[in-house]
Each structure stands twice: as structure tokens, then as C-alpha cells.
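The values are calculated or read from the model by the stated rules, or taken from the named source; none is laboratory data. These numbers come from a predicted model, not from an experiment. Cβ sites come from the backbone with ideal geometry, for glycine too, and all protein chains shown count toward neighbours. Heavy atoms of the whole protein, side chains included, go into the accessibility calculation; ligands, DNA and RNA do not. Shrake-Rupley method; radii C 1.70, N 1.55, O 1.52, S 1.80 Å.
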Amino acid sequence: VAFVCAKNSAVALRPTPARPASMRAQRRLPLRGREACGLFVLLVGIALYALHSGWASTAADGGGSSLLRAAANESLEVLRLHHGVEEMAAGGLKAAEQYRCVPKACRAPKRFFRKAEWTDAEKRAGHGVVGLVTAPGSGNSWARYMIQEATRVYTGSVYHDDAYDETMPGEARAAFGKWPRFSVIKDHVLQVHRLRDLLDYIARYDAIVRVVRNPFSACKAEVTRQTAGHTGYDEDLEPHNPEAYEKTAGQLIECIVNWVARERLWREAGVETPSEGFRLDVARLGPAGGGSWRGVPTISVLYEDLVGRHSETIAYVFAFLKHVFKDRIPAVPDMLICEARASNTSETMHRTKHVSFNPFFNEVESTTRLGRIACAILGDTWAPDAWGRCSGQSARIARAGQIDPRVAGSDFCA
């Protein structure tokens, strides 16, 4: 624009050969050129401002996350969501227990979300992108499979593991695109060394489902995976050969150190470990402008509750996802039945045989030297309300009633 204005002014100052210009004409012509350029610049500025305002208002309407709108009292907005999840989960459980036939949703073919299911504003704001975040060894693949069977929407991953290409086709696809394709995206949030790194990870999501496992169990599972794969076991790690397991002490302590570092960053971001049931926090990312606030709602559940009080705990997760996806996924009671019917298949995600030797704890000396070192490293990141006193033991799992997959029978509802 400046170049055009300068050029117009220079042309206006030059008299034409056919008609010599007087001093008065020389003064008028450049003035008219500047007036034209000034009007042009003004119009361009107005157009750019209007376009920017349109984008800003669209982003502000999203309020950062699709689950949290601008509110006079932010805590009331979070309380509303927490109450909604709790109420929907309880109602879903009660309704699922009354089913006497299998809902039609359970025979719907699994799919990816389609582009047409999302508005342009939702795609620009990143709505519908949900992270399934765990530390390594905390049951992410198992949780993914349950969510996929319940929602009938494939899950994705920021990694690519050939072992899951068949059972979870989203594994081979890019995790992030122009619109949400998956019900959840697997993420271990590994490369984080400071709060800014974690917030960069969190900012990619509209909402987060977080599964937290006792770090002793999680690190044992992760070290076993590194040596024997996802569902296998290593004979060298059996109790009759504890010396072989001692060689992995460095790996176990490194895993504990990394677990502690990530947990501290989560707390800095405003997300805590639940003691039971579920916990709903908001990871604060800063103001979004336009009176809205940027935050990513994060529901946290314990792995031990997913195993022991499975139906009740997974109902919270399904209710949370229902608030995100609304009518794009089945109702909560339908999802509970679909997941219960696939429970036998989901067991293939677990190890067929477990290593009984515990390098952190034994019956002779209680907490071992390695366990005492680990507890000292864990410090205040250990959650006694969830796992009891830090002793090196894996958390005891309290068993509770589950939805019997046979409750709905074998016939589909008419």
C-alpha cells in the first residue's frame, strides 16, 4: 500500500508535456493522489479489522473448550460440569441394569468421525479433540479399547504401534487433522521438562481423560513391556531369579523419577490425583479474550478403580465423553452395555501371566532398599488417600459389583 501511494504521488507531481501545469495544479494533483491512497488504506484497515473481529468472536464463542463457556463465576461453571457428569453416570448405570435386550448401538459398525459432523467454527476452535493421557504402564491401550467398543468410534494415538493396527485401525492414522476423527487420542505426554512443555501438550486438546495408576505397578508394567511386549512376560523376571530383576533397578528408578516429574507438572497445571471415583479439574492455559477463559477440563480416574469398580468408574468416563460429543456417540447406558459385552475381548489387552516378584517389597523385610529409595523420590506426589502408605506394594484393588454382560441377553432390541 505504501509503495502504491508513493508511486501515485510521484506521478501526480510530474506535469504532462501536452499541458504544462501551474503551481496550483501541481499542488492539487499530489493532494488528490494522497487522498485516494488514504481512502484506500482506510478501507483495507476496516476490512482487516472486521475479518479479525469475526475470527476473534468465533474463538471467544468457543471459550477455549467446548465444555466450558464464559461465566461470571468460573468455579460455578466447573461445578455444573462435575454435577452433570456425576448425574449422567449414575442415571446411565441405573438404566443399563434394567436392559433386557442389547441396544442397536452395539451392532453399529465402528467408524471415524466424518468432516460433515463438525461445523467450521468447531473445527477452527479444536472442539472434539480428546486426549487419553496416562503414564506408561497405566492401562492406556485397555482403556482405549473399552472406549472404542462403547462409543463405536475408533481411537487414535500420537504413536504408532504395529501390534494395534488390526484391533484399533486409528493407530495408523495421523492423530491431529483438520477435524476430529477419533473418540480419544492416546498420549503419554513424554517429552515434558517444564510447565510450558506440559501446557503445550494440553493445549492440543478440547478435553482430557486421565488414568492414574500406582507408580510401583505402572513402572513394573512398563519395564516388563520393554522386555516382553504388551501382553507377554519374561521368565527372567520370575521369583526364582530375583538377580535378573535386580538388573532392571536402574530402569525402575528412572521410571519413578519420570513419573514424579510429570505428576508435579500436572499439579502445577491445576490437575490433581483423585482419591476415589473421579476428579474433575481444569488445566489453566490463560485468558482467551472476549471475556472467555482458556482451560481444558480434565477428568482423572484411578486405574485400580477401573479394575475393581469397573462399571461405576467407566460410567464417569462415558458421561464425560457424552458431554463432549453429545449426539455423535450413543447414550451412556447403551455404551455401558456395549462395553460389557466386549469385556471378554478386552481381557486380551492384559497380560496372560504376571510376574509375582516385587523388587520394591517382600514379605521378609517389608519395603526393600529399592522401595525405600522409590518412596523417598515419590515424596508428596504419592497419594495416600488413593493407595495407602507408601511401602513399595502395589495398590490393593477393592472389588465391587459389575454390570453382568449377560444382563441384556443376547437378542438385539427391536
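Could you check, for segment 324-340, whether at least one of its residues is of a type outside the set (S, T, N, Q), at pLDDT 90 or above, open to solvent by 30 Å² or more (accessible area, probe 1.4 Å) and in contact with a strand residue (DSSP E or B) (Cβ under 6 Å, 6 or more places away or on another chain)?
no
Write out, first by first residue and then by second, each pair whose Cβ atoms fall under 6 Å of each other, whose residues are 6+ apart or on separate chains, and whose first residue, in segment 147-172, is on the phi < 0 side of the Ramachandran plot and in contact (Cβ under 8 Å) with a residue 24 or more places away in the chain while the second is surrounded by fewer than 21 Cβ atoms within 10 Å (Cβ to Cβ) and of a type in the set (S, T, N, Q).
Note: no pairs meet the criteria.
Got a number for residues in segment 196-211 being touching a Phe, Trp or Tyr at 6+ places or on another chain (Cβ under 8 Å) and assigned to a helix (DSSP H, G or I)?
Number satisfying all stated conditions: 1.
In segment 211-227, how many residues are crowded, with 24+ Cβ neighbours inside 10 Å and among the charged types (D, E, K, R)?
2
Identify all residues within segment 228-267 that are open to solvent by 70 Å² or more (accessible area, probe 1.4 Å) and modelled with pLDDT under 80; write none if there are none.
Passing the criteria: 233, 235, 236, 240, 243, 246, 247.
Could you list, ordered by first residue, the pairs with Cβ atoms under 8 Å in which the first is in segment 376-388 and in contact (Cβ under 8 Å) with a residue 60 or more places away in the chain and the second is among the charged types (D, E, K, R) and open to solvent by 30 Å² or more (accessible area, probe 1.4 Å), at least 6 apart or interchain?
Filtered contacts from segment 376-388: 381/264; 381/267; 385/276; 386/276.
Open to solvent by 20 Å² or more (accessible area, probe 1.4 Å), modelled with pLDDT under 70 and more than 13 Å from residue 220 (Cα to Cα), is that true of residue 364?
Yes: the conditions hold for residue 364.
How many residues, within segment 93-134, are closer than 30 Å to residue 312 by Cβ and outside any helix (DSSP H, G or I)?
So the count comes out to 21.
Being farther than 20 Å from residue 208 by Cβ and at pLDDT 90 or above is true for just one of 135, 150, 116, 143. Which residue is that?
Sole residue among the options that is farther than 20 Å from residue 208 by Cβ and at pLDDT 90 or above: 116.
Given the conditions (1) within 24 Å of residue 274 (Cα to Cα); (2) modelled with pLDDT under 95; (3) of a type outside the set (Ser, Thr, Tyr), and given that residue 293 satisfies all but one, which numbered condition is not satisfied?
For residue 293, the failing item is (1).
Looking only at segment 174-208, which residues are closer than 17 Å to residue 123 by Cβ, crowded, with 16+ Cβ neighbours inside 10 Å and of a type in the set (D, E, K, R)?
Passing the criteria: 181, 204, 206.
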